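Below is one structure, written out as C-alpha cells, with a few remarks after it.
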Amino acid sequence: MTTYSLMSGGEKLVTAKTFSVINPSTMATVGESPKASIEDLNSIIKEARKAFTSWSTTPYAKRQQYINQIADTLETHSQELASIITQEQGKPIGAPLGSMFEMGGAVAWTRYTASLELPVKVLQDDENGHIELHRRPIGVVASITPWNWPVMIAIWHIIPAILAGNTVICKPSPYTPLSTLRMIEIMNSILPKGVVSSISGGDELGAAISDHSDIDKIVFTGSTETGKKVMSSSSKSLKNLTLELGGNDAGIVLGDCNPDEIAPGLFWGAFINNGQTCAAMKRLYVHRSIYKEVCDSLTKFAKSVKMGDGFADGAELGPIQNKMQFNIVNQLVKTSIQQGGKVLLGGPLDSEESLFFPITLIAVEKNDNALVQHEQFGPALPIIPFDTVEEAILLANDSSAGLGGSVWSNDKQSAAKIAGQMECGTVWINKHGAIQPNAPFGGIKSSGLGVEFGEEGLLANTTIQCIFS
C-alpha cells in the first residue's frame, strides 16, 4: 500500500497522522493520505507566500512554458493517475467518460490555458494622457476540490491561477485525495519551489483555510451549503472568491424530437460519471405528446449500459463514491415513489451491502416531487411531462439552482429562443454538459459566484491596476 505525501516549498512534507482512502467498488483500502494539522497548514501557507514574491515577477512567457511542460508530463503519467482515480473514485478506467477521459481533459485544459495571454490594455492615449490597464496576480490562492473529478477540477483551479502569477495550495476531498496529491507531486518536479503545494485532511482544514488571513483567494467547487460557509468565513478578510456550487440542471425535450435518436444523448447528459457531476442533467421535462416514447427509449438504452468495477472489461459506470451520497440518492428515490413517482427502471435498495446503485428512471407528474426539487448527484433521473413550452420554462426555472440546462429539438431557432429564457449559466442545445476550456462556465442563483475557463476564467485570478502617465 502506498503512503502519499504533501508538498510544501517544493519538498515532501511528512505529517504525524494519516488516514485510509477506500475504493468504493471493493471497499478495500487504496492507500494512506497525509492528515495535516493546522500547524502544517500554517507552514505550507508561509512557503507559498514566500514563493509568490519570485513567481509573480517571473515573465509571463516563462510561466506559459512551465505550464506546457506540466501538460506534457501529465500526459506521460496519464495511465498512472487514471489508475489512482479509478481506485479511489470508482469511475471505470477505460470507459468513454471514465478516468482516462478525465486525464485527457486535464491535459487538454492545461495546454489550452497555457495559450491564453494577458496583454496590457491601453484605455487612453491622446493629448490628455496615457492610461494602461494591467492585470496583476492576487497572491496565495487556495483551491478546495470535490471528489467527483479529483484531477480535472484541480487542474481547472490550479493552472489559470499559476499562469496569472499566483501561488496555489490545493486541498482535495478526503474521499479522493490520492490522485490530486500525486499530480501535485509531479508538478513539483517541474515548477519552482512553492508555486503549487498540497494539503489533505478533514473538514476543519477547509474552515481554517477560509478564515486564514494569509490566503488571498479561494476557488471552491462543491455543495451550495458548504460554499455559503466558505463565503461567510472569507468575508472577514475580504477574500476574492470563485464558487462553483450545486446544480439541478433541467433538460427540456420538445415534441418534434425522435425519442430513439436522442435517448443516448439524454442518458449520458444525465448519467455522466454516474450522475456525480454538477452540470449533469438532474431533471428531464418531456412534451406529453412523446412522453411515453421518450421514457421507453431511455429505459431501453439504459438497460444496455454496463455497471461494474472500474477495472472490469466493458464497465461504463461505477459505484456511488461514498456512503453518505449513496444514502442521499437512495432516500430521494424512496421519497419520490412515496410522493407518486413510478419506477421505470432500477429503484431504491433495501440492502446497502455495496455502493453500487442501479441506474434508476422515475416517471413523475408533479414538480414538487423530492427527486425533482433536490439535487440527487447520483444515478437517478426524474422524467416529468409538460403540455406547453411556457409551462416547461416555468418548471425548469422552478429551482434555486442555476448552473446548466438544455433544450432538445429539431428546430434550433426555437430551441435557442427557449434557451434564452432559462435561468442558468450555460444552456446546451441537443446535448448536455459539454463544457470546453475556451467557454466560460459558472452558475447563477445558488449555483455559484464567478466563472472558470477561457479568458474570463483567467482574468478571475487577477486584480486590476491602472497606470496613468
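The values are calculated or read from the model by the stated rules, or taken from the named source; none is laboratory data. If you're wondering where the values come from, they're calculated on a predicted model, not measured in any experiment. All Cβ positions, even for glycine, are placed from backbone atoms using ideal geometry, and neighbour counts span all protein chains on display. To get the accessible areas, we keep the full protein, side chains included, count just its heavy atoms, and leave off ligands, DNA and RNA. Shrake-Rupley method; radii C 1.70, N 1.55, O 1.52, S 1.80 Å.
What to note about this one:
- Percent antiparallel among DSSP beta bridges (both partners in segment 339-469, rounded to 5): 45 percent
- Largest first, the residues W268, W147 sort by 1.4 Å accessible area into W268, W147.
- Accessible surface of D216 - all protein chains present, 1.4 Å probe, nearest 10 Å²: 40 Å²
- Of all DSSP beta bridges confined to the chain, the antiparallel ones make up roughly 40%.
- For segment 361-466, the percent of C-alpha pairs falling in each 5 Å distance bin, counted from 0 to the bin holding the largest distance, reads 2, 11, 17, 22, 20, 13, 7, 4, 2, 1, 0, 0.
- Whole-Å semi-axes of the ellipsoid equivalent to the chain (Cα gyration tensor, √5λ, descending): 38, 28, 19
- Solvent-accessible area, 1.4 Å probe, carbon plus sulfur percent, for the chain: 53 percent
- For segment 241-396: accessible area per residue (Å², 1.4 Å): 37 Å²
- Compared with the dominant Cα axis of the chain, that is its longest principal axis, helix 224-234 is turned about 20°.
- Residues of segment 43-138: accessible area per residue with a 1.4 Å probe, Å²: 47 Å²
- Remark: relative contact order (segment 1-106) = 23 percent; criterion is Cα-Cα distance under 8 angstrom and separation of 6 or more residues.
- If only the Cβ of Lys and Arg carry +1 and only the Cβ of Asp and Glu carry -1, the dipole of the chain around its Cα centre is close to 660 debye.
- For the set K35/K228; K282/K342; K171/K282; K91/K300; K17/K91, the pairs lying more than 19 angstrom apart at their alpha carbons are K35/K228; K171/K282; K91/K300; K17/K91.
- Whole-number percent relative contact order across the chain, with pairs defined as alpha carbons under 8 Å at least 6 apart: 18 percent
- With Cα atoms, 0 to 90° folded angle of helix 60-76 axis to the chain main axis: 50 degrees
- Under the Debye formula (equal points on every Cα, no solvent term), log10 I(q)/I(0) of segment 89-215 at q = 0.10, 0.12, 0.16, 0.21 Å⁻¹: -0.40, -0.54, -0.84, -1.25
- Counting only DSSP beta bridges with both residues in segment 60-210, the antiparallel share comes to about 40 percent.
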